[in-house]
Amino acid sequence: MCATCGCSEESGGTRIVMLREDDAPDHPHPHPHPHPHPHPHPHERAQANGTGETVTIEQKVLAKNNLVAEVNRTWLTDRGVAAVNMMSSPGAGKTTLLERTITDLGGRRPVAVIEGDQETRLDADRIRSTGCAVVQVNTGAGCHLDAEMMQNALTALSPAAGSLLMVENVGNLVCPALFDLGERSKVVIISVTEGTDKPLKYPYMFAAADLILINKADLLPYVDFDVEQCARHARSVNPAVRVLTVSATTGEGLDQWYDWLAEQQ
Amino acid sequence: MHELAITQSVVDAVCERAAGRPVHSVCVRVGALTAVVPDAMRFCFGLVTEGTTAEGARLEIDQPPGTGRCRTCTVEFTLADLILLCPCGSADVEITSGQELQIVSMKVG
């Protein structure tokens, strides 16, 4: 049984659904929305100018998102919650990797999940079946999660202190790269059934990554995919990025992934 | 289509600052290395401003080119994309422009 948190009502077409009754906040619940005052007023000056006034603004377009992201980051840091933003094209294996990761970590560290999708709660149901606390964010027409959606999801989920928070972003190799959620790190997953040249075709996403996982390594004997070349392409847009080859199906390479996660405190 | 969310942010900020005054034009700076497509932004601007004080406003987009500086040989050069490779062969390149995404100004009243 699910409980729908009313937080989403003020967020356009976004719907947030908490899948675990125990974790669903009672309504009305105290929103820890810190209500930041995201109105930077830098360098504003008006100049009289014949037909009207020219107002100099010089404000970053994403200033509002970035301010909310900073509030999220502080909120997470204060509770010792490490948030990892998982991004990829649709079908790269994010949900399967999450299921396996939650199962393999076996309660060594509390894990909570924020699931982002345009529609349905199919992925959240899969994650929920592992016993993990999960909240679904449906973005409707939106092609990425943003900081406000993250904030509302955090309110609904209320992850335990010291936990690992995995955020499965909307499957899309373009838009999510631009929106800071307040996460600690960004992971980009590419599967070997995609092209070796993906990092060159979607450079913004790979440039934003702290870690790249090349998934579905068990299929390498059957597909034309060059792991080394893909890693070289990734480093051409992100010279210092770490690249791991894994299979969420067979478990190959996952120990290194878990070691990396353990470093995200 | 992140341009829709980006453009919505621009229009929200502009309308808030205009405080009810009609907005005639908006100038934004969109660097060549930002993954934001100016034509898509123009398309979205017409949709997003509908029914706001910025309806009918003109959108001017200034697009600075991408440039980088090589930390190995210190040469500055143009970057057509995010593939950070200096003509000298080094990939240790700092991006010096092209990532701007700013609302520069607007004309109101």
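Just to check your reading of the model, which residue among A:P199, A:P203 is under 24 Å from A:A240 (Cβ atoms) and out of contact with any Asp or Glu (no Cβ under 7 Å at 6 or more places or on another chain)? Even if it seems obvious, please write down each step before you answer.
On the way: A:P203 fails: out of contact with any Asp or Glu (no Cβ under 7 Å at 6 or more places or on another chain).
After ruling out the rest, the residue left standing is A:P199.
Considering only region A:124-150, how many residues are of a type in the set (D, E, K, R) and more than 14 Å from chain B (Cβ to nearest Cβ)? Let's see the steps before the verdict.
Pass one, region A:124-150, residues of a type in the set (D, E, K, R): A:125-126, A:128, A:146, A:148.
This time we only want the ones that are more than 14 Å from chain B (Cβ to nearest Cβ), so: A:125-126, A:128.
Adding up the residues that qualify gives 3.
Could you tell me which numbered condition B:V28 fails, if it satisfies all but one of (1) of a type in the set (A, V, I, L, M); (2) buried (at least 20 other Cβ atoms within 10 Å of the Cβ); (3) within 30 Å of B:L79 (Cβ to Cβ); (4) more than 9 Å from chain A (Cβ to nearest Cβ)?
(4)
Check whether at least one residue in region A:151-168 is open to solvent by less than 10 Å² (accessible area, probe 1.4 Å) and within 14 Å of chain B (Cβ to nearest Cβ), and report yes or no.
Checked region A:151-168: no residue is open to solvent by less than 10 Å² (accessible area, probe 1.4 Å) and within 14 Å of chain B (Cβ to nearest Cβ).
Yes/no per residue for (1) open to solvent by less than 70 Å² (accessible area, probe 1.4 Å); (2) touching a His at 6+ places or on another chain (Cβ under 7 Å); (3) at pLDDT 95 or above:
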site	(1), (2), (3)
A:L19	yes, no, no
A:A24	yes, no, no
A:P28	no, no, no
A:N65	yes, no, no
A:V113	yes, no, yes
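If A:L181 passes every condition in (1) of a type outside the set (D, E, K, R); (2) more than 15 Å from the chain's Cα centre (by Cα); (3) within 14 Å of another protein chain (Cβ to nearest Cβ) but one, which one does it miss?
Result: A:L181 passes all but (2).
Against the conditions (1) under 23 Å from A:T101 (Cβ atoms); (2) at pLDDT 95 or above; (3) touching a helix residue (DSSP H, G or I) at 6+ places or on another chain (Cβ under 6 Å), where does A:C132 fall short? Just the number, please.
Checking A:C132 against (1) under 23 Å from A:T101 (Cβ atoms); (2) at pLDDT 95 or above; (3) touching a helix residue (DSSP H, G or I) at 6+ places or on another chain (Cβ under 6 Å), the one that fails is (2).
Pick from B:T53, B:T74: which is open to solvent by 40 Å² or more (accessible area, probe 1.4 Å) and either in a strand (DSSP E or B) or more than 14 Å from chain A (Cβ to nearest Cβ) (or both)? Steps first, answer last, please.
Working: B:T53 fails: either in a strand (DSSP E or B) or more than 14 Å from chain A (Cβ to nearest Cβ) (or both).
Going through B:T53, B:T74 in turn, the sole match is B:T74.
For region A:216-229, does any single residue satisfy the condition of being at pLDDT 95 or above, hydrophobic (A, V, I, L, M, F, W, C) and touching a strand residue (DSSP E or B) at 6+ places or on another chain (Cβ under 6 Å)?
Of all residues in region A:216-229, those at pLDDT 95 or above come to A:216-229.
Still in the list and also hydrophobic (A, V, I, L, M, F, W, C): A:217, A:219-220, A:223, A:225, A:227.
Narrowing the set further to residues that are touching a strand residue (DSSP E or B) at 6+ places or on another chain (Cβ under 6 Å) leaves A:217, A:227.
For region A:216-229, residues at pLDDT 95 or above, hydrophobic (A, V, I, L, M, F, W, C) and touching a strand residue (DSSP E or B) at 6+ places or on another chain (Cβ under 6 Å): present.
Write out, first by first residue and then by second, each pair whose Cβ atoms fall under 8 Å of each other, whose residues are 6+ apart or on separate chains, and whose first residue, in region B:82-104, is more than 7 Å from chain A (Cβ to nearest Cβ) while the second is of a type in the set (F, W, Y) and not in a loop (DSSP other than H, G, I, E, B).
B:C86/B:F77; B:P87/B:F77
Take the residues in region A:196-213 that are under 26 Å from A:L261 (Cα atoms) and charged (D, E, K, R), then tell me which one is surrounded by the fewest Cβ atoms within 10 Å (Cβ to Cβ).
Ranking the qualifying residues of region A:196-213, first place goes to A:D210.
Could you pull out the residue among B:R71, B:R58 that is in contact with a strand residue (DSSP E or B) (Cβ under 9 Å, 6 or more places away or on another chain) and modelled with pLDDT of 95 or more? Give the steps one after another, and end with the answer.
On the way: B:R71 fails: modelled with pLDDT of 95 or more.
On inspection, the qualifying residue turns out to be B:R58.
Within region A:241-255, can one find any residue that is under 21 Å from A:G91 (Cα atoms), open to solvent by 30 Å² or more (accessible area, probe 1.4 Å), within 14 Å of chain B (Cβ to nearest Cβ) and not basic (K, R)?
No.
Working carefully through the options A:A69, A:A92, A:A141, find the one that is open to solvent by less than 20 Å² (accessible area, probe 1.4 Å) and either under 13 Å from the mean Cα position of the chain (by Cα) or at pLDDT below 95 (or both).
Working: A:A92 fails: either under 13 Å from the mean Cα position of the chain (by Cα) or at pLDDT below 95 (or both); A:A141 fails: open to solvent by less than 20 Å² (accessible area, probe 1.4 Å).
Being open to solvent by less than 20 Å² (accessible area, probe 1.4 Å) and either under 13 Å from the mean Cα position of the chain (by Cα) or at pLDDT below 95 (or both) holds for just one of A:A69, A:A92, A:A141, which is A:A69.
In region A:214-232, which residues are in contact with a Ser or Thr (Cβ under 7 Å, 6 or more places away or on another chain) and open to solvent by 10 Å² or more (accessible area, probe 1.4 Å)? If you could, list the steps in order and put the result at the bottom.
Let us first name the residues in region A:214-232 that are in contact with a Ser or Thr (Cβ under 7 Å, 6 or more places away or on another chain), namely A:214-219, A:223, A:225-227, A:229-230.
Within region A:214-232, A:K216, A:D218, A:L219, A:V223, A:F225, A:D226, A:V227, A:Q229 qualify.
Checking the conditions here, which among B:A5, B:A18, B:A40 is more than 11 Å from the chain's Cα centre (by Cα) and at pLDDT 95 or above?
Values: B:A5 fails: at pLDDT 95 or above; B:A40 fails: at pLDDT 95 or above.
On inspection, the qualifying residue turns out to be B:A18.
The values are calculated or read from the model by the stated rules, or taken from the named source; none is laboratory data. Computed from a predicted model, the values in this text were never measured in an experiment. Virtual Cβ from ideal backbone geometry, glycine too; neighbours counted across all protein chains shown. We work out accessible area using only protein heavy atoms, side chains counted, and drop any ligands, DNA or RNA first. Shrake-Rupley method; radii C 1.70, N 1.55, O 1.52, S 1.80 Å.
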